[in-house]
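Undergrad: Got a structure for you, written out below as structure tokens; questions coming shortly.
The values are calculated or read from the model by the stated rules, or taken from the named source; none is laboratory data. Keep in mind that what you see is a predicted model, and the values were worked out from it rather than measured. Here the Cβ positions follow ideal geometry from the backbone for every residue, glycine too, while neighbour counts run over all protein chains shown.
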Amino acid sequence: MNAKEIRKLFPILDQEVNGHPLVYLDSAATSQKPYTVIEALNNYYREDNSNVHRGVHTLGTRATDKYEGAREKVRRFINAPSTSEIIFTRGTTTSINTIASSFGNDHVKEGDEIVISYMEHHSNLIPWQQLAKKKGAILKYVPMKEDGTITLDDVRNTVTSNTKIVAIMHVSNVLGTINPIKDITKIAHENGAFMVVDGAQSTPHMKIDVQDLDCDFYAFSGHKMCGPTGIGVLYGKKHHLENMEPVEFGGEMIDFVDLYDSTWKELPWKFEAGTPIIAGAIGLGAAIDFLEEIGMENITKHEHHLAAYALNKLSEVEGVTVYGPKDPMQRAGLVTFNVDDVHPHDVATVLDAEGIAVRAGHHCAQPLMKWLKVSATARASFYLYNTEEDIDRFVAGLLKTKEYFSDVF
């Protein structure tokens, strides 16, 4: 199935915006949803809507089966050893905050080091920043090369025997850089540190094997991989999760409650307090079915092709600066750029008038913007439903943007 055929499976893409056929180039912010995911959500609410785990009636049983079935789909999708290691959360942000608030709080003490990179999304920066302040720990940054990559030598020079946690994004949401997570994990473990991976921008686009990566924790969101908003996953090695304290308390996560003490359920439910995100998990399971039918290897290959095509086309446009690795095989399917003398918000506004959706701003990565010596950038991000024609429309829109602002000024 090619991208044009896949595009037909996404109802939102069959529309005009400002009088033009929609070109959606903002999948790094959130992906669109195929019919099958929308139908899975609709079917749950129409036929199976009930709380899970608590009842023995038919609707409750069906809802529980679908909810826990989705957990098994996630386990298989990232090759986790056990469903007990799959925690459903509200998203990557919640997952990383859970790790920092529980595991990090227990393991980091004054003088310890937490190592991250300049390219981190705020979701994988602020939790560690706040933990370091609370504990009197030292927050360290792996240096970046001019092309937006980090080298293993720089990782080795930054991680020491005093490092307790290394937290690195698998793929940069700004630069598109694909970081060598498996090798970084090995360096972290050699120094006695624990490895946390922000997989928000990698899980939708490439085959993930958490056992091969050997990371201690891996976090990602459903809405960036054709699933619903409000659902995410925290994977953690079982022995870590077993020794961690919950960060939310209430129904569902308890075993026994007395007046002055309580005990917790076994994994994974001790981290899922309250009514869980039932419909979201079922929708995520449907999204995984959809992605696996297309094939993650096919998605990766398609996006590398689009990245190469876009980089080549943009190189022909004078006055456009593209950030990140030049080699399309070193980056995911996105391009972040600026147009000389035109603010990124103005670029995005003109493109929107042409029916082309891109992102503009600091992309929740203000330290990276500072490192790039810019206040903001524009970003076009691609997914399995995008085509070369989309990129041609995007580049034509950029030429129109340049022409419009040259006339204005």
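Undergrad: Take THR203 and decide whether it is at pLDDT 95 or above, within 18 Å of LYS237 (Cβ to Cβ) and touching an Asp or Glu at 6+ places or on another chain (Cβ under 6 Å).
TA: When the stated conditions are applied, THR203 does not pass them.
Undergrad: Say we look at segment 81-128 and pick out the residues that are in contact with a helix residue (DSSP H, G or I) (Cβ under 7 Å, 6 or more places away or on another chain) and small (Gly, Ala, Ser); which of these is surrounded by the most Cβ atoms within 10 Å (Cβ to Cβ)?
TA: By that ranking, first place goes to GLY104.
Undergrad: Failed condition for ASN18, given (1) in contact with a helix residue (DSSP H, G or I) (Cβ under 7 Å, 6 or more places away or on another chain); (2) surrounded by 17 or more Cβ atoms within 10 Å (Cβ to Cβ); (3) touching a residue at least 24 places away in the same chain (Cβ under 8 Å), with all others met?
TA: Failing condition for ASN18: (2).
Undergrad: Which of the following residues is outside any loop (DSSP other than H, G, I, E, B), among the aliphatic types (A, V, I, L, M) and either out of contact with any strand residue (DSSP E or B) (no Cβ under 7 Å at 6 or more places or on another chain) or surrounded by fewer than 15 Cβ atoms within 10 Å (Cβ to Cβ) (or both): LEU234, LEU259, LEU241?
TA: Within the list LEU234, LEU259, LEU241, the selection yields LEU241.
Undergrad: For the condition crowded, with 19+ Cβ neighbours inside 10 Å, assigned by TED's automatic domain parsing to the domain that holds LEU175 and within 30 Å of GLY251 (Cβ to Cβ), what is the one hit in TYR45, TYR67?
TA: Exactly one residue qualifies, and that residue is TYR67.
Undergrad: Still on this structure, please answer the following. Based on this model, can you work out whether LYS182 counts as over 23 Å from THR94 (Cα atoms), in contact (Cβ under 8 Å) with a residue 24 or more places away in the chain and either out of contact with any helix residue (DSSP H, G or I) (no Cβ under 8 Å at 6 or more places or on another chain) or surrounded by 23 or more Cβ atoms within 10 Å (Cβ to Cβ) (or both)?
TA: No: the conditions fail for LYS182.
Undergrad: May I ask you to list the residues in segment 86-119 that are outside any helix (DSSP H, G or I) and in contact with an Asp or Glu (Cβ under 7 Å, 6 or more places away or on another chain)?
TA: Once the filter is applied, which keeps residues that are outside any helix (DSSP H, G or I) and in contact with an Asp or Glu (Cβ under 7 Å, 6 or more places away or on another chain), segment 86-119 yields ILE87, PHE88.
Undergrad: Might you let me know whether segment 272-285 holds any residue that is more than 22 Å from ASN43 (Cβ to Cβ) and either exposed (fewer than 13 other Cβ atoms within 10 Å of the Cβ) or not small (Gly, Ala, Ser) (or both)?
TA: Within segment 272-285, one or more residues are more than 22 Å from ASN43 (Cβ to Cβ) and either exposed (fewer than 13 other Cβ atoms within 10 Å of the Cβ) or not small (Gly, Ala, Ser) (or both).
Undergrad: Another question, if that's okay. Select from segment 373-409 the residues that are of a type in the set (Lys, Arg) and either assigned to a helix (DSSP H, G or I) or touching a residue at least 12 places away in the same chain (Cβ under 8 Å) (or both) and list them in ascending order.
TA: ARG379, ARG393, LYS400, LYS402
Undergrad: Now a separate question. Which residue pairs have Cβ atoms under 6 Å apart, sit 6 or more places apart or on different chains, and have a first residue in segment 147-171 that is at positive phi and a second that is of a type in the set (Gly, Ala, Ser) and surrounded by 15 or more Cβ atoms within 10 Å (Cβ to Cβ)?
TA: Close Cβ pairs satisfying both conditions: GLY148/GLY324.
Undergrad: Can you name every residue in segment 330-367 that is free of Cβ contacts under 8 Å to residues at least 60 places away in the same chain and closer than 23 Å to ILE150 by Cβ?
TA: PHE337, ASN338, HIS362
Undergrad: Looking only at residues in segment 59-117 that are among the small types (Gly, Ala, Ser) and touching a Gly at 6+ places or on another chain (Cβ under 8 Å), which one is farthest from ASN43 (Cα to Cα)?
TA: GLY111
Undergrad: Can you tell me which of (1) at pLDDT 95 or above; (2) assigned to a loop (DSSP other than H, G, I, E, B); (3) assigned by TED's automatic domain parsing to the domain that holds ASN243 is the one LEU9 doesn't meet?
TA: Among (1) at pLDDT 95 or above; (2) assigned to a loop (DSSP other than H, G, I, E, B); (3) assigned by TED's automatic domain parsing to the domain that holds ASN243, the lone unmet condition for LEU9 is (3).
Undergrad: Only one of VAL37, VAL52, VAL56 is on the phi < 0 side of the Ramachandran plot and either without any contact (Cβ under 8 Å) to a residue 40 or more places away in the chain or assigned to a strand (DSSP E or B) (or both). Can you tell me which?
TA: VAL56
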